[in-house]
Amino acid sequence: MEYKIKLDNEKETIDFGQTIGQYLKEKDVIVLEGELGAGKTTLTKGIGKALNINKIINSPTFTIMKTYSGRLPLYHFDVYRLEGQDEDLGFEEYFYGDGVSVIEWAKFINTIPEEHLEIILKHDNNKRIAYITPKGERYIEICKKVFE
């Protein structure tokens with residue numbers, strides 16, 4: 001099952017992230033895909049807001065991962081720079097740890113848990129369309145709460 005939502009501006013993208021974030025718990029994994037500037041980090045800001053993170057969330061492009069403290073730890077990955085690399089970088093300890101993992105450009109690594117929430121952001125006439133696909137029962141339940 002796939003869900004779809006139109007996000008007209010940055011505020012709506014943050015609000016949508018916050019809506020999802022309120023249902024997240026430890027070991028949850030959110031996979032974000034979309035071209036540069038599609039809103040992946042903006043969506044992550046909303047998730048962070050729901051997790052009571054007070055720090056400014058920005059893209060960890062050059063550091064690969066940033067950790068933020070809140071209601072739960074947020075592990076924010078941007079693995080764009082890992083394209084073509086196939087080495088084990090120990091990400092699993094975060095995916096199965098005590099926080100929430102948000103992974104931008106997840107297609108560039110092959111260690112993502114089979115069960116996760118996939119969100120693909122696309123531009124459509126100066127607006128964003130988010131396509132949300134729950135993979136696993138846990139994420140189906142989150143989507144039911146968010147969309148139904």
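The values are calculated or read from the model by the stated rules, or taken from the named source; none is laboratory data. A quick note: this is a predicted structure, and the numbers were derived from the prediction, not measured. With ideal geometry, Cβ positions are generated from the backbone for all residues, glycine too; neighbour counts draw on all protein chains shown.
Can you find even one residue in segment 106-127 that is more than 10 Å from the chain's Cα centre (by Cα), farther than 24 Å from residue 2 by Cβ and of a type outside the set (Val, Ile, Thr)?
The answer is no; no qualifying residue exists.
Search segment 94-105 for residues being modelled with pLDDT of 95 or more and in contact with a helix residue (DSSP H, G or I) (Cβ under 8 Å, 6 or more places away or on another chain), and hand back the single one that is surrounded by the most Cβ atoms within 10 Å (Cβ to Cβ).
Going through the qualifying residues, I end up with 102.
Which residues, counting only those in segment 113-133, are assigned to a loop (DSSP other than H, G, I, E, B) and modelled with pLDDT of 90 or more?
If the condition is that a residue be assigned to a loop (DSSP other than H, G, I, E, B) and modelled with pLDDT of 90 or more, then 113, 114, 115 are the ones that fit.
I'm told residue 66 meets every condition in (1) part of a loop (DSSP other than H, G, I, E, B); (2) at negative phi; (3) free of Cβ contacts under 8 Å to residues at least 24 places away in the same chain except one. Can you identify the failing condition by its number?
(1)
Taking segment 3-30 on its own, how many of its residues are crowded, with 23+ Cβ neighbours inside 10 Å and in a strand (DSSP E or B)?
Final tally of qualifying residues: 2.
Looking at 31, 79, which one is in contact (Cβ under 8 Å) with a residue 60 or more places away in the chain, within 24 Å of residue 136 (Cβ to Cβ) and aliphatic (A, V, I, L, M)?
31
Would you tally the residues in segment 32-45 being buried (at least 23 other Cβ atoms within 10 Å of the Cβ) and either among the aliphatic types (A, V, I, L, M) or under 18 Å from residue 147 (Cα atoms) (or both)?
The number of residues fulfilling the criteria is 2.
Output the residues belonging to segment 38-58 that are more than 19 Å from residue 118 (Cβ to Cβ) and modelled with pLDDT under 95.
Scanning segment 38-58 gives 54, 55, 56, 57, 58.
Collect the residues in segment 106-148 that are of a type in the set (S, T, N, Q) and either buried (at least 20 other Cβ atoms within 10 Å of the Cβ) or touching a residue at least 12 places away in the same chain (Cβ under 8 Å) (or both), keeping them in residue-number order.
Those that are of a type in the set (S, T, N, Q) and either buried (at least 20 other Cβ atoms within 10 Å of the Cβ) or touching a residue at least 12 places away in the same chain (Cβ under 8 Å) (or both): 110, 111, 133.
Hey, residue 13 hits all of (1) under 10 Å from the mean Cα position of the chain (by Cα); (2) more than 17 Å from residue 142 (Cβ to Cβ); (3) among the hydroxyl-bearing types (Ser, Thr, Tyr) but one; which does it fall short on?
(1)
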